[in-house]
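Every number here is computed from the coordinates shown, using simple stated rules; none is lab data. Predicted model only: the values in this text are computed from it and were never measured. Don't worry about glycine lacking a Cβ; one is built from the backbone with ideal geometry, like all the others, and counts go over all protein chains shown.
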Amino acid sequence: MIKSMTGYGRFELEKDTRRYTVELKGVNHRYLDLNIRLPRSFNFYETAIRSQLKNQLSRGKVDVFISYEDCSENQLSLKFNSTLAEEYLAVFNKMEQDYNLFNDVKVSHLSRYPEVLTMEEQEVDEEELLEGLKEALQGAINKFIETKCLEGQHLKENLLSKLDVMEESVAFIEERSPEMIKEYREKIEQKVKDLLGNFKLEDERILAEVVLFADKICTDEEIVRLRSHIYHMREAFADTEGMGRKLDFIAQEMNREANTILSKANDVDISNHAITLKSEIEKIREQIQNVE
């Protein structure tokens, strides 16, 4: 299945009193480049997040956004520091004795002094938190891959249509080449007739010239290799791993053969079809840059 590197996936998971939201956005890139943004309290899980992503993605620049919310009412608890409160009272009593002051400290007063009463977050089960995070991340990855596959299918259809155009041009060049040789021989014979009149040049001399011309413009090997590359590119669409790099390599080889055909072309029609080949190959190479 061909997959694009462009995609988007979002998944929201509510588990118990926790809400996880994971969002993935991908664009094309030569390698796998992960940019992960997550709450500071989740920094400990970044290695696990990267590992889960690398196991299912191979190429592309992927931005990962993770948010977390604890909706429980008892996520905070009130802590009373009795030791510190006793120290405060001891100091107040000493001040009362030393300075002959009235000690008017009440509970409501004491509770306002720093660190006597504090709000603390309750401890959470890290394994349980990680399990929920992985589940939400996998949900986002699934949706992300789904959009990549959908875009990949559109890419495949586009690439196949370009290969069809290339095959038509290859067939024309293959059919046209023998006609060029025949026309070249007729052209030589006509020139000899125009220049020498009734004097007849030996057929061997004309044949030798035609053979040299045929060898110069022969593109049989290039045509065979180009057909082979087109076939292998179609076959590569069935691969599951490293398809983008393989397609890019095949496109480079296609371009090499098209350049050779164009350099040997000694006919307007063949030149035009060779240019069409190069144009379609360039379009294919641009499209392949977005294949994972």
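Points to keep in mind about this one:
- Net length gained if the chain between GLU14 and PHE172 were fully extended (0.36 nm per residue, minus Cα distance): 50.7 nm
- Förster-model FRET efficiency, 41 Å R0, THR21 and LEU160, C-beta, rounded to 0.05: 0.60
- Of LYS162/LYS278; LYS3/LYS143; LYS143/LYS246; LYS54/LYS148; LYS54/LYS134, pairs whose Cα-Cα distance is over 21 Å: LYS143/LYS246
- The alpha carbons of region 97-173 give a radius of gyration and a Dmax of 35.3, 114 Å, in that order.
- Taking label points 7 Å from Cα along the Cα-to-Cβ direction, ASP269 and GLU127 give a separation of 7.7 nm.
- By the count of neighbouring beta-carbon atoms within 10 Å, fewest first, VAL62, VAL116, VAL224 end up ordered VAL224, VAL116, VAL62.
- The trypsin sites (Lys or Arg not before Pro) found in region 1-65 that occupy coil by DSSP, while having at most 16 further C-beta atoms within 10 Å, are ARG30.
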